[in-house]
Amino acid sequence: MTQPIAKVTDIIFIRFQLRDLEAQAGYLEDFGMTAVHKTSEAIFYRGTGTDAYIYAAEKADTDAFIAAGYEVNSLAELQALAENQGVAIEDGDALMGGKRIRLTDPDGLGIEVYHGVHKADPIDENVPLLNSGKHKHRLNETQRFGGGAAEWSMDSQGNMQYALPSSVMRLGHTAINVKDGPASIQWYHDVLGMIVSDNIIGPDGNVGGAFIRCDNGDMPSDHHTLNVVALPPEAEPFHGTFGHAGFELEKSLDDLMAGHFHMKTSGKYVHEWGIGRHLLGSQLYDYWRDPHGFIIEHWTDGDLMTADSPPQDVSIVEVVKGQYGPIPHSSFNMSLPLEAVDGFREATPNLTEMIVGAMEAPKADS
Ligand SMILES: [Fe+2]
C-alpha cells in the first residue's frame, strides 16, 4: 500500500456556516456543549475534553458544512501535506492556535489540518461506576446524575421537562456521502493516513463505503474517525455532503439517556435515529437533527483499535440493523432543511426495503 503523505492522529472539530447562530447556540447547549466564544458573527463550543473547540459556526446567508478539523503530530507532516496539496500554511485562529492548512477531498468536502494547537484544561466530572449482575464496582454509594428527581419540572402546558443535558466530551467522527467509495477511501489513506476498520459491502457485492480510523500505531484509535458512504448515481445531489458528526460523551449509558430525555422533553428538536447499539464500532448511539437540518450524534462505549487490527469486509445490513435499536429513517445522513424531512422520509423507500430487502432478509409478512 502507498505510504501516506501524513497521518492525522485525531479529529478535533466541525465547522459550519449557518443562518441563525442564536438558534444553533441554544441547540448546542441543549445537546451538551459549552460556549467558548459567541458573537453575532461566529460561535465556538467546547466539550469537557482538551480541544479548544469541537464545534464552530459562522453567520451566513445560506447553511453549509465548511470543514472537519484534524491534527498531525509534526510540523514536517503539515509541510509535506501543504506541498502535496499545493496549499499554504496559515496561522490557526486565536482560540485554536497552531498552524493549519485547508484542503478539499475528492468530493470537494472541506478539511483543515493543524499542528501545535492550544489545549484546554479538561472539565473534570464525576463519572459514576456502573454495576452489572456479575461485576459490582459501586458499593455504599448511590447512582445519581445531576439533581436526581429535581431535574424534572412541569411547564405551563402541563408537560414534564427534564433539565439535565448530556456532557459532551469530544468529537469522535464524521460521516460523509461520496460519489466513489473506493476512490475516497484510497484518498483518505494516501493523504491523511487513515486505515480501514470495516469495508461496507453493498447488495451488488462491491465496496459501498467504509469505516476508517486514524493510524496511531500501538496507541488505540476509535474504530472510526470517518464513515465514508458511497451513494448511487440517482442520489447525485447528495454526493459530497455532510452525513453526521458523532460526539463522545464524558460518562456512559446514563449520560446518553439523560441527554435523550432532555432533548425529547424540550419539544424543540427532530429526532433522527436511536437509541441503539451499533454493530460496527459498538457504540451506543442517539442522533438528533439541528435547527439547520444537520445531524449530530451522542455516542458512548465505542471500540478502540491499534494499527495491527486487520480490516474486515461487512454487509451493509450490519450498518442499518446494528445490534439493537430501530432501523434508521431513509433521511439518515441526509442534510435537509427541517421542513423537508417528513416529505423526504415519505417519498423515499425506507431502508428496510432498500437494503435489508435487497439482501433477501425475511419479509415482515412472511
Ligand atoms: Fe456516527
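Numbers at a glance
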item: His173 being of a type outside the set (Phe, Trp, Tyr), at pLDDT 95 or above, closer than 18 Å to His278 by Cα and in contact with a Ser or Thr (Cβ under 7 Å, 6 or more places away or on another chain); result: yes
item: Boolean, Ser221 is in contact with a Cys (Cβ under 6 Å, 6 or more places away or on another chain), small (Gly, Ala, Ser) and modelled with pLDDT of 95 or more; result: yes
item: Selection count where residues are modelled with pLDDT of 95 or more, of a type in the set (Gly, Ala, Ser) and surrounded by 11 or more Cβ atoms within 10 Å (Cβ to Cβ), scope the range 125-168; result: 4
item: Filter pass, Ser197 being of a type outside the set (Phe, Trp, Tyr), farther than 28 Å from Tyr45 by Cα, out of contact with any Gly (no Cβ under 7 Å at 6 or more places or on another chain) and within 16 Å of the ligand (Cβ to nearest atom); result: yes
item: Failed item in (1) acidic (Asp, Glu); (2) within 23 Å of Pro4 (Cβ to Cβ); (3) surrounded by fewer than 18 Cβ atoms within 10 Å (Cβ to Cβ), with Asp215 passing the rest; result: (3)
item: So Ile176, is it touching a residue at least 60 places away in the same chain (Cβ under 8 Å) and either outside any strand (DSSP E or B) or within 14 Å of the ligand (Cβ to nearest atom) (or both); result: yes
item: Filtered residue count, the range 249-269, keeping only those that are in contact with a Pro (Cβ under 9 Å, 6 or more places away or on another chain), of a type in the set (Ser, Thr, Tyr) and buried (at least 16 other Cβ atoms within 10 Å of the Cβ); result: 1
item: Selected residue [free of Cβ contacts under 8 Å to residues at least 24 places away in the same chain and within 21 Å of Trp187 (Cβ to Cβ)] from Gly86, Gly98; result: Gly86
item: Residue that is outside any strand (DSSP E or B) and either surrounded by fewer than 19 Cβ atoms within 10 Å (Cβ to Cβ) or of a type outside the set (Asp, Glu) (or both), where the choices are Gly302, Gly276, Gly246; result: Gly302
item: Qualifying positions in the range 265-314 - under 15 Å from Asp30 (Cα atoms) and within 11 Å of the ligand (Cβ to nearest atom); result: Asp286, Tyr287, Ile295, Ile296, Glu297, His298
item: Selection within the range 92-114 - under 22 Å from the mean Cα position of the chain (by Cα) and within 16 Å of Asp10 (Cβ to Cβ); result: Met96, Arg100, Ile111, Glu112, Val113, Tyr114
item: Positions within the range 99-119 being part of a loop (DSSP other than H, G, I, E, B) and surrounded by fewer than 18 Cβ atoms within 10 Å (Cβ to Cβ), in sequence order; result: Pro106, Asp107, Gly108, Gly116, His118
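The values are calculated or read from the model by the stated rules, or taken from the named source; none is laboratory data. No experiment lies behind these values; they were computed from the predicted model shown. FYI the Cβ positions are ideal-geometry reconstructions off the backbone, even for glycines, and counts take in every protein chain you see.
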